[in-house]
Amino acid sequence: MELPRELMVSVSGVRGRVAEALTPEIVARFAAAFGAYVSTAAGNRRARVVIARDSRTSGPMFVRAAISALQSVGVDVIDAGLAPTPTALYAVRHHQADGGIVVTASHNPVEWNALKFASAESMFLDAEQAPRMRTFLDTVEQHRATWDRIGEVTTDTGAVERHLRAVLDAPFLDINALRKRRFRVALDCVHGAGAVLLPRLLEELGCEIVGIGLEPDGRFPREPEPVAANLGDLERTVRESGADIGMATDPDGDRLALVSNTGRAIGEDFTLALAARLVLRHRSGPVVTNLSTSRLLEDVAAQAGVPLHRAPVGEINVARKMQQVGAAIGGEGNGGVILGDIHLTRDAAIAAALVLQLLLETGRSLQEIVDEYPAYAIVKDKLPRDAGSLDAAFAVLTERLNAPEVDRQDGLRLAWPAEKRWVHLRASGTEPILRIIAEAGSLAEARELVEATRAALAAPARAAG
Ligand code: MG
């Protein structure tokens, strides 16, 4: 089938601007293909798929299209309604479903929406599963159900509550002590799906909530990605309310960013670093993150005497590596914390609970804790690139920059651990660009590293021979 050129198809799903590349017809096609894919795996048994959505205004429309399409290929649907992405994946596991579809464009602006596909493992499809699922796009018609085999739809109204109970049961949380401490938390859910879970969680933890953006109506009043530059209102709310901490989720509630008690957004990298610090106080084991995440986590792992493993960028890659190495905790520097005790997916609710437990146990303010760590600076840049292999360019770069650590799992990552700096280059999966991300002890040093990388890439290569 011919797909619109602007539709962004990746391992985790399919994304587009509403009314442009993303229409009910496209959503139905992908949902039917996914239904056929999970049905084939289920054999003679009738497959079941959980569906949920974030709060975007286009969500109900796309959910209806996806449900009809799933029914049309004989799949039973469990509709979990408006729910954060981690809640949806927790429901897949609870129902022992054959898969899940989450209608969410995550942190993308309001005009976007997307489908994300999860397997029976309640994890997102990986690089082997996703292309296999997409082969069904062309054969959907062969899988349509006759009148007597159309899928049935049931509603699950308990998904959020069940996920909430799982988070409250997580190891290391001292619920009674947290309740007594009565943290004051400024919370910004950006009118996203996090608003149906995070306030409930904080209430259960005895927090006093000063909320902004808690109506899950999908009308984001600002850019929804919880990066520091977008959290001005939350910073002000923390200062004016005298909160102990500020918390911001992205629209589908899998990422959490923090504002310190002084009213400063401390950067998303701190969320995983602090959650890991808490977990490693109680448990020893490897930590996993992706190749583009801050060194901050290396400092936390080193202090606890545990190894840090890095995986290719993409949540599923981190989750798979966590399985392989038996990780104590893992996640991404974008505020995505994964605690395998609950599930192998990023979860803002568990991140929030772990950070509050850390404040409780250390008895220190968030700003005091943050000040213990070196102030790293990350610089992000991009270069246009031609189609084709980057291997030759990466080989030249590796030779010219002569780094002690070279990682080729996902593009090229060069690291100088003694100097506490690294640079990571990878081709974008959706645009003809090469992304460069560098980190060092100061902004000037990080910029210098990006410039050195650009210069080494641009300099004419020596004649092949
Ligand atoms: Mg998200």
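The values are calculated or read from the model by the stated rules, or taken from the named source; none is laboratory data. None of these values were measured; they are calculated from a predicted model. As a convention, Cβ positions derive from the backbone with ideal geometry for all residues, glycine included, and neighbour counts pool all protein chains shown. Heavy atoms of the whole protein, side chains included, go into the accessibility calculation; ligands, DNA and RNA do not. Shrake-Rupley method; radii C 1.70, N 1.55, O 1.52, S 1.80 Å.
Annotation note: GluC sites (Glu not before Pro) in region 314-372 located in DSSP loop regions with a Cβ neighbour count of at most 13 within 10 Å are GLU372.
Only Cα sites of region 377-464 enter the Debye sum here, all with the same form factor; the resulting log10 I(q)/I(0) across q = 0.24 1/Å is -1.31, listed in q order. Projecting the Cα atoms of LEU89, CYS207, LEU449 onto the charge dipole of the chain (Cβ charges, centred on the Cα centre) puts LEU89 farthest toward the positive pole. The protection proxy used here, the mean number of other Cβ atoms lying within 10 Å of each residue, ranks peptides 47-58, 319-330, 243-254, 381-392 as follows, highest first: 243-254, 47-58, 319-330, 381-392.
May I ask you to give the solvent-accessible area per residue for region 183-269, in square angstrom, as obtained with a 1.4 angstrom probe?
Working: 2770 Å² over 87 residues.
In whole numbers, region 183-269 has 32 Å² accessible per residue.
For the chain, what does the relative contact order come out to in percent, with C-alpha contacts under 8 Å and a separation of six or more? Before the final figure, lay out each step's value.
Numbers: 1045 pairs, mean separation 54.9, N = 465.
It rounds to 12 percent for the chain.
Between the listed residues MET322, TYR373, LEU383, the Cα displaced farthest toward the positive end of the dipole of region 321-411, a dipole computed from Cβ unit charges relative to the Cα centre, is found at LEU383.
Starting from the Kirkwood radius over alpha-carbon pairs of region 182-370, derive D by Stokes-Einstein at 20 °C in a medium of 1.002 mPa s and give it in µm² s⁻¹.
133 µm²/s
Split the accessible area of the chain by element, probe 1.4 Å, and carbon with sulfur accounts for 48%. When only alpha carbons are used to place a centre, region 233-253 and region 149-198 end up 18 Å from one another.
Taking the centroid of alpha carbons for each part, region 59-94 and region 304-336 are 28 Å apart. Loop-located GluC sites (Glu not before Pro) in region 1-62 (DSSP state other than H, G, I, E, B) with a sparse environment of at most 12 neighbouring Cβ atoms within 10 Å: GLU2, GLU6, GLU20. I'd like to know which of SER284, ASN44, PHE394 lies farthest towards the positive end of the charge dipole of the chain, counting +1 on Cβ of Lys and Arg and -1 on Cβ of Asp and Glu. The Cα lying farthest towards the positive end belongs to ASN44.
Counting pairwise Cα distances across the chain, what percent come out greater than 32 angstrom?
Details: 43361 of 107880 pairs.
For the chain, the share of Cα pairs beyond 32 Å comes to 40 percent.
Bridging of LYS382 to lysines at a Cα separation below 28 Å is possible for LYS116, LYS321, LYS420, once same-chain residues fewer than 8 apart are set aside. Restricting region 1-30 to trypsin sites (Lys or Arg not before Pro) that sit in a DSSP loop and have at most 15 other Cβ atoms within 10 Å of their own Cβ leaves ARG5.
Which helices, counted as full DSSP H runs in the chain, have an axial Cα extent of no less than 30 Å and a Kyte-Doolittle average of -1.0 or above? Within the chain not a single helix satisfies the rule. Only Lys, Arg, Asp and Glu carry charge here, each on its Cβ (+1 for the first two, -1 for the last two); on that basis region 312-465 has a dipole of about 500 debye about its Cα centre.
Treating the beta-carbon of each Lys and Arg as +1 and of each Asp and Glu as -1, no other charges, what is the dipole magnitude of region 8-161 about its Cα centre, to the nearest 20 debye? Don't jump to the answer; show the numbers that get you there.
Details: 15 positive and 16 negative charges, 23 e Å.
Its charge dipole is roughly 120 debye.
Using Cβ point charges alone (K and R +1, D and E -1), the dipole size of the chain about the Cα centre works out to roughly 420 debye.
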